[in-house]
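This report refers to the structure that appears directly beneath it.
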Amino acid sequence: MQTETIVATKNCTVCATEFTITDKDLEFYKKVSPSFNGEKIEIPTPTQCPKCRERRRLSFRNERKLYKRKCDFSGKEIISIYSPDKPHKVYDQKNWRSDQRDALEYGRDFDFSKTFSEQFNALFIEVPQSAFLNLRNENSEYNNFISDCKNCYYCYDIIDTEDTLYSTRIKKIQDCVDNFDIVQSNNSYQCIVGDNLRKCYFTYHCQDCNDSQF
Ligand SMILES: [Zn+2]
(Lines give C-alpha, C1' and ligand atoms only; values in the text may rest on other atoms or scores of the structure.)
Protein backbone atom coordinates (compact mmCIF):
# COMPACT_ATOMS: atom_id res chain seq x y z
CA MET A 1 0.00 0.00 0.00
CA GLN A 2 1.28 3.47 -0.92
CA THR A 3 1.80 5.82 2.00
CA GLU A 4 1.95 9.60 2.03
CA THR A 5 4.73 11.49 3.74
CA ILE A 6 4.15 14.91 5.27
CA VAL A 7 6.64 17.38 3.80
CA ALA A 8 5.31 20.63 5.29
CA THR A 9 2.85 21.90 7.89
CA LYS A 10 1.06 25.20 7.37
CA ASN A 11 -1.58 27.35 9.05
CA CYS A 12 -4.58 28.31 6.93
CA THR A 13 -4.51 32.00 5.96
CA VAL A 14 -8.30 32.19 6.47
CA CYS A 15 -9.14 30.15 9.60
CA ALA A 16 -5.63 29.50 11.00
CA THR A 17 -6.24 25.72 11.20
CA GLU A 18 -3.11 23.65 10.78
CA PHE A 19 -2.92 21.50 7.65
CA THR A 20 -0.28 19.43 5.94
CA ILE A 21 1.29 19.15 2.50
CA THR A 22 2.36 15.64 1.51
CA ASP A 23 4.72 14.22 -1.07
CA LYS A 24 1.66 13.06 -3.04
CA ASP A 25 0.37 16.67 -3.10
CA LEU A 26 3.70 17.85 -4.50
CA GLU A 27 3.64 15.06 -7.07
CA PHE A 28 0.15 16.12 -8.16
CA TYR A 29 1.00 19.85 -8.40
CA LYS A 30 4.08 19.01 -10.46
CA LYS A 31 1.99 16.84 -12.77
CA VAL A 32 -0.65 19.55 -13.43
CA SER A 33 1.76 22.52 -13.62
CA PRO A 34 1.61 24.07 -17.11
CA SER A 35 4.48 24.86 -19.47
CA PHE A 36 4.73 28.07 -21.52
CA ASN A 37 7.34 28.34 -24.27
CA GLY A 38 9.09 25.30 -22.86
CA GLU A 39 9.29 26.78 -19.35
CA LYS A 40 7.49 24.86 -16.60
CA ILE A 41 5.47 27.17 -14.32
CA GLU A 42 5.18 25.30 -11.05
CA ILE A 43 1.87 25.58 -9.20
CA PRO A 44 2.58 26.70 -5.62
CA THR A 45 1.31 24.70 -2.65
CA PRO A 46 -1.99 25.88 -1.06
CA THR A 47 -2.18 28.62 1.53
CA GLN A 48 -5.66 27.61 2.73
CA CYS A 49 -6.76 24.44 4.53
CA PRO A 50 -8.81 21.82 2.58
CA LYS A 51 -12.14 23.01 4.11
CA CYS A 52 -11.51 26.66 3.19
CA ARG A 53 -10.44 25.61 -0.30
CA GLU A 54 -13.65 23.63 -0.68
CA ARG A 55 -15.70 26.61 0.56
CA ARG A 56 -13.94 28.86 -1.98
CA ARG A 57 -14.68 26.42 -4.83
CA LEU A 58 -18.34 26.07 -3.83
CA SER A 59 -18.79 29.85 -3.52
CA PHE A 60 -17.95 30.05 -7.23
CA ARG A 61 -20.85 27.75 -8.10
CA ASN A 62 -24.43 28.94 -7.85
CA GLU A 63 -26.67 25.92 -8.16
CA ARG A 64 -29.87 26.90 -6.37
CA LYS A 65 -30.52 30.65 -6.63
CA LEU A 66 -32.49 31.79 -9.66
CA TYR A 67 -32.99 35.37 -10.83
CA LYS A 68 -34.95 37.26 -13.44
CA ARG A 69 -32.70 39.21 -15.80
CA LYS A 70 -32.38 40.21 -19.45
CA CYS A 71 -30.80 37.93 -22.04
CA ASP A 72 -27.80 39.88 -23.37
CA PHE A 73 -28.39 38.41 -26.84
CA SER A 74 -32.13 38.96 -27.37
CA GLY A 75 -32.98 41.51 -24.66
CA LYS A 76 -35.85 39.29 -23.49
CA GLU A 77 -36.51 38.62 -19.81
CA ILE A 78 -35.16 35.22 -18.77
CA ILE A 79 -34.56 33.10 -15.65
CA SER A 80 -30.90 32.65 -14.81
CA ILE A 81 -28.39 31.63 -12.17
CA TYR A 82 -26.73 35.03 -12.79
CA SER A 83 -28.33 37.97 -11.00
CA PRO A 84 -28.96 41.12 -13.07
CA ASP A 85 -26.23 43.10 -11.28
CA LYS A 86 -23.47 40.75 -12.47
CA PRO A 87 -21.14 42.13 -15.18
CA HIS A 88 -21.20 38.87 -17.18
CA LYS A 89 -22.91 38.48 -20.54
CA VAL A 90 -25.71 35.96 -20.09
CA TYR A 91 -27.62 34.37 -22.97
CA ASP A 92 -30.71 32.22 -22.73
CA GLN A 93 -29.88 28.62 -23.55
CA LYS A 94 -31.34 28.65 -27.05
CA ASN A 95 -29.14 31.57 -28.09
CA TRP A 96 -26.13 30.30 -26.17
CA ARG A 97 -26.25 26.96 -27.99
CA SER A 98 -27.01 28.45 -31.43
CA ASP A 99 -24.53 28.95 -34.27
CA GLN A 100 -25.30 32.67 -34.39
CA ARG A 101 -22.03 33.37 -32.62
CA ASP A 102 -18.53 32.05 -33.10
CA ALA A 103 -17.07 30.96 -29.75
CA LEU A 104 -13.56 31.12 -31.22
CA GLU A 105 -13.76 34.90 -31.57
CA TYR A 106 -13.20 35.22 -27.81
CA GLY A 107 -9.78 33.53 -28.02
CA ARG A 108 -6.81 35.63 -26.98
CA ASP A 109 -3.11 35.27 -26.22
CA PHE A 110 -1.87 34.98 -22.66
CA ASP A 111 -0.41 38.27 -21.42
CA PHE A 112 2.59 37.58 -19.19
CA SER A 113 2.50 41.13 -17.79
CA LYS A 114 -0.82 40.35 -16.03
CA THR A 115 -1.80 37.63 -13.56
CA PHE A 116 -3.74 34.57 -14.65
CA SER A 117 -6.66 35.55 -12.38
CA GLU A 118 -6.93 39.05 -13.89
CA GLN A 119 -7.03 37.61 -17.39
CA PHE A 120 -9.38 34.78 -16.50
CA ASN A 121 -11.79 37.24 -14.89
CA ALA A 122 -11.73 39.50 -17.99
CA LEU A 123 -12.39 36.51 -20.24
CA PHE A 124 -15.14 35.20 -17.96
CA ILE A 125 -16.94 38.56 -18.17
CA GLU A 126 -16.52 38.82 -21.95
CA VAL A 127 -17.51 35.27 -23.00
CA PRO A 128 -21.31 34.75 -22.89
CA GLN A 129 -22.52 32.40 -20.17
CA SER A 130 -25.52 30.10 -20.42
CA ALA A 131 -28.46 31.30 -18.29
CA PHE A 132 -28.41 27.91 -16.60
CA LEU A 133 -27.37 24.31 -17.26
CA ASN A 134 -30.49 22.51 -18.44
CA LEU A 135 -31.06 20.11 -21.35
CA ARG A 136 -34.12 18.69 -23.15
CA ASN A 137 -36.80 19.71 -20.61
CA GLU A 138 -40.47 20.55 -21.00
CA ASN A 139 -42.36 23.10 -18.92
CA SER A 140 -39.50 23.22 -16.41
CA GLU A 141 -38.21 26.77 -16.46
CA TYR A 142 -37.43 27.34 -12.78
CA ASN A 143 -34.73 24.73 -12.22
CA ASN A 144 -31.00 24.35 -12.66
CA PHE A 145 -28.70 21.54 -13.65
CA ILE A 146 -31.50 19.28 -14.91
CA SER A 147 -32.05 17.17 -18.02
CA ASP A 148 -34.87 15.19 -19.68
CA CYS A 149 -37.50 16.44 -17.19
CA LYS A 150 -41.12 17.50 -17.55
CA ASN A 151 -43.31 19.68 -15.32
CA CYS A 152 -40.68 20.21 -12.60
CA TYR A 153 -40.31 23.27 -10.38
CA TYR A 154 -37.47 24.39 -8.14
CA CYS A 155 -35.42 21.24 -8.58
CA TYR A 156 -31.65 21.03 -8.82
CA ASP A 157 -29.39 18.30 -10.14
CA ILE A 158 -32.21 16.05 -11.42
CA ILE A 159 -32.53 13.69 -14.40
CA ASP A 160 -35.42 11.97 -16.15
CA THR A 161 -38.08 13.23 -13.75
CA GLU A 162 -41.72 14.31 -14.11
CA ASP A 163 -44.26 16.27 -12.07
CA THR A 164 -41.91 16.93 -9.18
CA LEU A 165 -41.27 19.96 -6.94
CA TYR A 166 -38.57 21.24 -4.58
CA SER A 167 -36.16 18.34 -4.87
CA THR A 168 -32.42 17.95 -5.29
CA ARG A 169 -30.19 15.22 -6.67
CA ILE A 170 -32.90 12.86 -7.91
CA LYS A 171 -33.25 10.54 -10.91
CA LYS A 172 -36.20 8.77 -12.56
CA ILE A 173 -38.86 10.21 -10.23
CA GLN A 174 -42.57 10.92 -10.71
CA ASP A 175 -45.02 12.88 -8.59
CA CYS A 176 -42.72 13.71 -5.67
CA VAL A 177 -42.17 16.77 -3.47
CA ASP A 178 -39.33 17.83 -1.14
CA ASN A 179 -36.91 14.95 -1.60
CA PHE A 180 -33.14 14.69 -1.59
CA ASP A 181 -30.99 12.04 -3.26
CA ILE A 182 -33.63 9.49 -4.28
CA VAL A 183 -33.91 7.40 -7.47
CA GLN A 184 -36.59 5.40 -9.30
CA SER A 185 -39.42 6.43 -6.98
CA ASN A 186 -42.88 7.99 -7.10
CA ASN A 187 -45.57 9.59 -4.97
CA SER A 188 -43.18 10.26 -2.09
CA TYR A 189 -42.60 13.23 0.19
CA GLN A 190 -39.65 14.38 2.32
CA CYS A 191 -37.44 11.33 1.75
CA ILE A 192 -33.67 11.53 2.06
CA VAL A 193 -31.50 9.00 0.23
CA GLY A 194 -33.77 6.30 -1.20
CA ASP A 195 -34.16 3.87 -4.05
CA ASN A 196 -37.41 2.42 -5.40
CA LEU A 197 -39.86 4.14 -3.02
CA ARG A 198 -43.65 4.19 -3.52
CA LYS A 199 -45.88 6.33 -1.33
CA CYS A 200 -43.16 6.90 1.25
CA TYR A 201 -43.11 9.88 3.62
CA PHE A 202 -40.30 11.21 5.85
CA THR A 203 -38.04 8.20 5.23
CA TYR A 204 -34.25 8.13 5.55
CA HIS A 205 -31.90 5.70 3.78
CA CYS A 206 -34.68 3.36 2.56
CA GLN A 207 -34.79 0.98 -0.39
CA ASP A 208 -37.60 -1.00 -2.09
CA CYS A 209 -40.33 0.37 0.22
CA ASN A 210 -44.08 0.89 -0.28
CA ASP A 211 -46.52 2.81 1.87
CA SER A 212 -43.93 3.60 4.57
CA GLN A 213 -43.67 6.55 6.92
CA PHE A 214 -40.94 7.81 9.29
ZN1 LIG B 1 -9.10 27.19 6.70
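Just checking, does the stretch 53-72 include any residue being closer than 30 Å to F180 by Cα, of a type in the set (S, T, Y), touching a strand residue (DSSP E or B) at 6+ places or on another chain (Cβ under 8 Å) and surrounded by 12 or more Cβ atoms within 10 Å (Cβ to Cβ)? Steps first, please.
Narrowing the stretch 53-72 to residues closer than 30 Å to F180 by Cα: 53-69.
Restricting the remaining residues to those that are of a type in the set (S, T, Y) gives 59, 67.
From what's left, touching a strand residue (DSSP E or B) at 6+ places or on another chain (Cβ under 8 Å): 67.
Then keep just the ones that are surrounded by 12 or more Cβ atoms within 10 Å (Cβ to Cβ); that gives 67.
Yes, the stretch 53-72 has at least one match.
If I go through the stretch 1-31 residue by residue, how many of them are away from the ligand (no atom under 16 Å from the Cβ), surrounded by 10 or more Cβ atoms within 10 Å (Cβ to Cβ) and either without any contact (Cβ under 8 Å) to a residue 12 or more places away in the chain or small (G, A, S) (or both)?
Counting residues in the stretch 1-31 that are away from the ligand (no atom under 16 Å from the Cβ), surrounded by 10 or more Cβ atoms within 10 Å (Cβ to Cβ) and either without any contact (Cβ under 8 Å) to a residue 12 or more places away in the chain or small (G, A, S) (or both) gives 2.
Does the stretch 32-39 contain any residue that is away from the ligand (no atom under 16 Å from the Cβ) and surrounded by 12 or more Cβ atoms within 10 Å (Cβ to Cβ)?
Looking for residues that are away from the ligand (no atom under 16 Å from the Cβ) and surrounded by 12 or more Cβ atoms within 10 Å (Cβ to Cβ), one finds at least one in the stretch 32-39, hence yes.
Can you pull out every residue in the stretch 129-156 that is touching a Ser or Thr at 6+ places or on another chain (Cβ under 6 Å), modelled with pLDDT of 95 or more and part of a strand (DSSP E or B)?
C152, Y156
The values are calculated or read from the model by the stated rules, or taken from the named source; none is laboratory data. Since we're looking at a predicted model, the values are computed, not measured. For neighbour counting, all protein chains shown are included, and Cβ atoms are generated from backbone atoms with ideal geometry for every residue, glycine included.
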